[in-house]
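Inspection log for the structure reproduced underneath, given as structure tokens.
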Amino acid sequence: MSLDTAQVSAELSDRGLRLTRQSRAVLDAIAAAPCSLSPLQVYDAAREQCPELGLTTVYRTLEVLDEIGVLRRVHGHGHCESFVPAATAHGHTVVCDACGRVTEFTACDMDAVAEAAARETGYRITDHFLQLSGICSRCAHSAGERSAG
């Protein structure tokens, strides 16, 4: 998935920040990945483009890019937290348990769930994170071919 660097630059500028060579390397690493990347995987991939990049800079960059809605956090089996490009400002993910592929979806009617959680806990709910997991159609198809053969 490609990331609109002009949009990212504008979002960063609104916060008094700029798109540096290091943050561009982080963006490029995530955009080029076929699945989600952990911060350490982002670091390794981005250093190919920007060898002087530090791990602390990667973490800070990921945090800012997540805050402005450019990236989506994904929690997976192999590593607790990883990142993918975000297609929309508010979206959620489905992660394939077999191949790790991440697909984004925007439909979520969480109002009733949030209201129930607020009633039960006394919290004022301000946000939510929704991630589903399963087997993508490619993996399901491949598994069907293997079991039929």
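Only one of the listed residues (R101, R72) is of a type in the set (K, R) and closer than 19 Å to V8 by Cα. That residue is R72. When every residue of the stretch 130-144 is checked against the conditions, at least one turns out to be of a type in the set (A, V, I, L, M, F, W, C), modelled with pLDDT under 80 and over 23 Å from P39 (Cβ atoms).
It is to be established whether one or more residues within the stretch 57-80 are over 24 Å from T126 (Cα atoms), at pLDDT 80 or above and not hydroxyl-bearing (S, T, Y). Taking every residue of the stretch 57-80 in turn, at least one turns out to be over 24 Å from T126 (Cα atoms), at pLDDT 80 or above and not hydroxyl-bearing (S, T, Y). Scanning for something outside any loop (DSSP other than H, G, I, E, B), closer than 24 Å to A107 by Cβ and modelled with pLDDT under 90, does the stretch 4-24 turn up at least one residue? Yes, the conditions are met somewhere in the stretch 4-24. Examine the stretch 53-71 for a residue that is in a helix (DSSP H, G or I), under 21 Å from the mean Cα position of the chain (by Cα) and among the basic types (K, R), and state whether such a residue exists. Yes - at least one qualifying residue is present in the stretch 53-71.
Tallying residues that are open to solvent by less than 60 Å² (accessible area, probe 1.4 Å) and part of a strand (DSSP E or B) within the stretch 128-140 yields 2. Screening L40, L55, L65 for residues that are open to solvent by less than 40 Å² (accessible area, probe 1.4 Å) and of a type outside the set (F, W, Y) leaves exactly one candidate, L65.
Taken over the stretch 84-127, residues that are open to solvent by less than 70 Å² (accessible area, probe 1.4 Å), β-branched (V, I, T) and without any contact (Cβ under 8 Å) to a residue 24 or more places away in the chain amount to 1. Only a single criterion out of (1) touching a strand residue (DSSP E or B) at 6+ places or on another chain (Cβ under 7 Å); (2) open to solvent by less than 30 Å² (accessible area, probe 1.4 Å) is not satisfied by H75, namely (2).
The values are calculated or read from the model by the stated rules, or taken from the named source; none is laboratory data. As the structure is a computational prediction, the values presented were derived from the model and not from experiment. Counting neighbours? That spans all protein chains shown, and the Cβs are built from the backbone with ideal geometry, glycine included. What goes into the accessible areas is simple: the full protein's heavy atoms, side chains included, and nothing from ligands, DNA or RNA. Shrake-Rupley method; radii C 1.70, N 1.55, O 1.52, S 1.80 Å.
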